[in-house]
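The values are calculated or read from the model by the stated rules, or taken from the named source; none is laboratory data. Not measured: the values here are computed from a predicted model. No Cβ is skipped: glycine too gets one built from the backbone with ideal geometry, and neighbour counts run over all protein chains shown. Accessible surface areas use protein heavy atoms only, side chains included; no ligands, DNA or RNA. Shrake-Rupley method; radii C 1.70, N 1.55, O 1.52, S 1.80 Å.
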Amino acid sequence: MTNSKDYLRQVGISEEQFSFLLKRLEQEIAKDLQNNKMKKRGVPSKVMTTELKLLLTLGYLRHYPTFINLGATFGISESYANKIFHKTINYMLRFIHPKKTNELSLDDVCTVVIDVAEQEIERPIKKQKSYYSGKKNDTL
């Protein structure tokens, strides 16, 4: 395995914290399977262990790749990566209680970042008639 600094940079948490989260996640999944017997149906996945599911989830939260890239990294499809992420994050939210977004106060905000990646393209003000004649085109 890699050293602690590289692991922390890649996953976002230390190996000890990862082990603790993995243990809690496995307990939560076992409890859910105990309460809902119908979830035990089907063939268990041999490709994605609970450890890999947690690693996939933390990797997504750390780097925000697209699910097609995440799936390619783990050797699974885009839709299966999305499904694993959402199921795992729902289990994690049962034992990790994050601060609700509507409780964010101005005291918590240190920096405001404005995303300007998408900007609306303005219509031309002058010589607009050369771009648009006003007639409908019924060419189908």
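What to note about this one:
- Selected residue (only one of Ile76, Ile121, Ile114 is modelled with pLDDT of 90 or more and in a loop (DSSP other than H, G, I, E, B)): Ile76
- Checking each residue in the range 57-87 for being polar (S, T, N, Q) and open to solvent by 70 Å² or more (accessible area, probe 1.4 Å) picks out Thr66, Asn69, Thr73, Ser79.
- Any hit, the range 26-42, residues being in contact with a Ser or Thr (Cβ under 9 Å, 6 or more places away or on another chain), closer than 16 Å to Ile84 by Cβ and in a helix (DSSP H, G or I): yes
- As a summary of the residue check, Leu54 satisfies the conditions (1) at pLDDT below 90; (2) in a helix (DSSP H, G or I) except for the one numbered (1).
- Check on Leu54, touching a residue at least 24 places away in the same chain (Cβ under 8 Å) and open to solvent by less than 100 Å² (accessible area, probe 1.4 Å): yes
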